[in-house]
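Worksheet: the structure to be examined is printed underneath.
Every number here is computed from the coordinates shown, using simple stated rules; none is lab data. Just so it is clear, the model here is predicted, and its values are computed rather than measured. Reconstructed Cβ throughout: ideal geometry from the backbone, glycine too, with neighbour counts over all protein chains shown.
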Amino acid sequence: MAGPGRRLPALAGLPSGAASKWEIREKVWEHLEASGLAEFPRPVHGRIPNFKGAPHAATRLLGLQEFQAARTVKINPDAPQRNARFLTLEARKTLLVPTPRLRTGLFNRIVPPPGATKEVLRKCATSQGVKEYSVPVGLDGKAQVDLVVVGSVAVSEKGWRIGKGEGYADMEYAMMVSMGAVQEDTPVVTIVHDCQVLDIAEELLDDHDLTVDYILTPTRTIQTNCKRPKPQGIMWHKVSSEMLGKIPILKTLRSREKQAGKDVTLQDEHPALANTNRAALSNKKVMPANTQPRAAPGSAPVGQSHVESDPVNPRLEGSDTITTVYVGNLPGSLRVSELKSALREFQVIPVRLNWQGAQHRVFLEYRDKGTADRAVSSLQGLSLGGNTLRVELAKSQRNKGRGEINSHK
């Protein structure tokens with residue numbers, strides 16, 4: 001193993017446990033951009049970041065006995081893992097890549113054309129190649145995954161992993177457990193830059209968070225010897241009806257587990273658990289069940305207004321009492337999806353969101369003042385895209401309708 005890699009100076013001075021997951025993500029993204037380590041696609045904010053040296057870090061896979069022995073490898077579709085996908089194909093192993101946001105299933109199996117050259121294999125490893133040279137693998141495909149490669153924004157030498165905040169890697173793994181594709185001892189690998197290897201407080205981890213067994217960087221191969229159990233399947237009490245509606249394969253899995261006699265009560269079907277989740281510590285991540293997809297490229301840029309209601313709780317649309325939180329000083333580059341990640345991180349998801357990017361502000365509507373006050377407390381002083389947010393209760397409130405809020409002009 002190589003000597004210690006470069007640590008992330010921006011986090012070095014933080015007391016243990018002081019940083020939330022969101023703060024850690026922001027520091028990593030900012031450091032990668034500021035230090036010139038970030039690679040296309042940029043900016044890396046809101047992504048599993050690509051970095052200089054990612055192809056070399058991926059070559060460390062070849063030295064892992066677990067990779068050498070693996071017949072089927074599942075690798076996430078992000079840019080920093082492109083060379084890992086190529087090396088898997090070059091080694092004539094079966095490569096499975098998750099479908100984006102699990103919209104059309106769980107996996108695509110990459111099938112290179114007969115006699116594929118290295119150049120063709122490299123194309124197969126790109127996002128476009130995944131589209132052109134793949135076939136879907138359904139629940140009845142009986143996939144057996146021998147090695148899992150996931151992306152990370154930050155990871156600790158103990159194996160604690162922080163993703164980009166949307167929870168899809170955790171959900172993918174839980175679904176693989178449910179369909180019998182992975183076993184308790186299936187190794188999980190992540191590929192990151194040395195500066196993404198940080199000290200992470202174990203208190204930040206939830207029971208659905210995926211841990212890793214190996215960390216590959218441009219300078220090191222780190223075996224974490226992590227003993228923390230990985231997710232044992234889908235935690236239905238943390239899955240919302242919204243997520244169920246967006247992931248067809250999740251519906252099928254739920255139906256099968258229900259027939260098998262398992263408790264598949266959803267989060268919004270179980271008020272007591274839902275209230276407990278909302279009252280959790282603000283540094284805990286909401287399960288992927290509560291996540292909403294990142295905006296597609298070009299959607300709701302900062303110069304446009306954007307109003308939407310929370311589809312998870314349509315019954316709240318006509319609530320008689322709405323408390324509105326004003327969030328100002330939004331950076332010009334910020335997108336709605338990035339703000340949503342922060343809201344999910346602090347578990348202060350609003351009933352309705354009124355995005356006024358041209359004015360660098362957003363209004364968040366909550367059905368009770370307690371949640372609104374918690375949102376103010378959680379978001380106050382948060383830095384997004386280099387700007388410290390200004391957060392307070394809106395000066396004027398509205399109860400119903402979608403008209404524009406006229407306070408904070």
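For Lys258 and Gln68, what is the calculated FRET efficiency with R₀ set at 41 Å and r taken between the beta-carbons, to the nearest 0.05?
It comes out at approximately 0.55.
Can you list residues whose amide H is under 5 Å from Ser152's amide H, if they're 5+ apart or on another chain and H is modeled 1.01 Å from N?
Under 5 Å from the amide H of Ser152 lie the amide H atoms of Ile191, each far enough along the sequence or on another chain.
State, to one decimal in nm, how far the label point of Lys251 lies from the label point of Asp140, with both points 7 Å from Cα in the Cβ direction.
1.8
Report the percentage of all Cα-Cα pairs in the range 177-262 whose separation exceeds 22 Å, rounded to a whole percent.
43
Determine the distance separating the Cα centre of the range 22-100 from the Cα centre of the range 155-193; give it in Å without decimals.
A separation of 13 Å, based on Cα centres.
Taking a 19 Å limit on the Cα-Cα distance, which of the listed pairs Lys142/Lys238; Lys158/Lys227; Lys123/Lys164; Lys142/Lys262 fall beyond it?
The answer is Lys142/Lys238; Lys123/Lys164; Lys142/Lys262.
How do 93-99, 196-202, 80-86, 130-136 rank on mean C-beta neighbours within 10 Å, highest first?
The most tightly packed comes first, giving 80-86, 93-99, 196-202, 130-136.
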